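The values are calculated or read from the model by the stated rules, or taken from the named source; none is laboratory data. Bear in mind the structure is a predicted one, so any value in this text is a computation, not a measurement. Backbone-built Cβ (ideal geometry, glycine too); neighbour counts: all protein chains shown. Accessible surface areas use protein heavy atoms only, side chains included; no ligands, DNA or RNA. Shrake-Rupley method; radii C 1.70, N 1.55, O 1.52, S 1.80 Å.
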Amino acid sequence: REETMKTFCVMVMAFVSFVLPAAAQQNPQQPPTVAAFVRARYMTRKGEIVRSAQKMPEEFYGLRPGPQEEVRTFGQHLAHIANFNFLWCSEAKGEKNPNAGINLEKTLKTKAEFLKALNDSYAYCDGAYNALTDASGAEIITITQEGGRQVQLPRMGLLILNLGHNDEVYGSMVTTMRIKSIVPASSEPRPQPTPRR
């Protein structure tokens with residue numbers, strides 16, 4: 001967790017430098033906001049992760065892309081996302097982690113259990129992202145890292161960190177799906193627009 005925080009400032013600066021120009025093109029009638037962009041990216045990635053989890057057959061939930069035992073299985077990737085969704089979104093909300101003391105990577109066994117934990121974590125995180133504004137995102141919060149070290153950062157920074165973590169783990173999920181020639185949700189064919197008459 002500490003290693004993730006070290007790269008956090010660089011990640012936020014890169015993200016914001018990308019966000020502002022992109023957000024300006026989203027809707028010319030509404031002033032662009034960083035919060036709206038972050039929320040939209042979160043919702044997109046959430047949908048892709050959940051759909052990919054649903055698409056993966058249960059027989060491959062124990063698959064890892066190599067023989068190394070330290071590499072997470074497909075199911076463990078979902079549990080890892082859920083663990084950190086609960087952790088970082090509870091900190092962003094200023095609430096006690098509802099999953100505190102439970103390592104879902106070690107306790108879940110079936111596809112149904114992994115999907116439930118994943119969906120529960122996103123239902124919990126939705127509140128943090130839906131309430132996000134540029135003003136509330138700029139508020140400084142204090143989080144406690146492993147070992148008891150306290151770190152201060154903007155609320156939006158923590159939610160961007162969570163989103164970046166979702167992105168990173170999704171990349172590993174995609175690799176595992178591709179091993180079995182399963183197309184991940186983000187690469188599915190886009191629906192063709194209906195021609196106008």
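What about R51, is it open to solvent by 40 Å² or more (accessible area, probe 1.4 Å), at pLDDT 95 or above and among the charged types (D, E, K, R)?
yes
May I ask you to list the residues in the stretch 126-136 that are in a helix (DSSP H, G or I), over 13 Å from the mean Cα position of the chain (by Cα) and of a type outside the set (G, A, S)?
Correct list: N130, D134.
For F114, indicate whether it is modelled with pLDDT of 95 or more, of a type outside the set (D, E), farther than 21 Å from L63 by Cβ and in contact with a Phe, Trp or Tyr (Cβ under 7 Å, 6 or more places away or on another chain).
No: the conditions fail for F114.
Would you check which residues across the stretch 119-141 are open to solvent by 60 Å² or more (accessible area, probe 1.4 Å), under 20 Å from N99 (Cβ atoms) and either touching a strand residue (DSSP E or B) at 6+ places or on another chain (Cβ under 7 Å) or of a type outside the set (A, V, I, L, M, F, W, C) (or both) and list them?
Listed by number, the residues that qualify are N119, D120, N130.
Any idea which residue in the stretch 137-175 is nearest to F74 (Cα to Cα), counting only those that are part of a helix (DSSP H, G or I) and without any contact (Cβ under 8 Å) to a residue 60 or more places away in the chain?
Step by step, filter the stretch 137-175, then rank; the result is G171.
Do any residues in the stretch 70-89 that are on the phi < 0 side of the Ramachandran plot have Cβ atoms under 6 Å from those of residues that are in a helix (DSSP H, G or I) and among the small types (G, A, S), where the two are at least six apart or on different chains, and which pairs are they?
Qualifying pairs under 6 Å: H77/S172; L78/A53; A82/A117; A82/S121; N85/S121; F86/S121; C89/A128.
Would you check which residues across the stretch 27-40 are surrounded by 14 or more Cβ atoms within 10 Å (Cβ to Cβ) and either assigned to a loop (DSSP other than H, G, I, E, B) or touching a Pro at 6+ places or on another chain (Cβ under 7 Å) (or both) and list them?
P32, T33
Which of the residues spanning the stretch 41-68 are hydroxyl-bearing (S, T, Y), in a helix (DSSP H, G or I) and more than 16 Å from N162 (Cβ to Cβ)?
Result: S52, single match.
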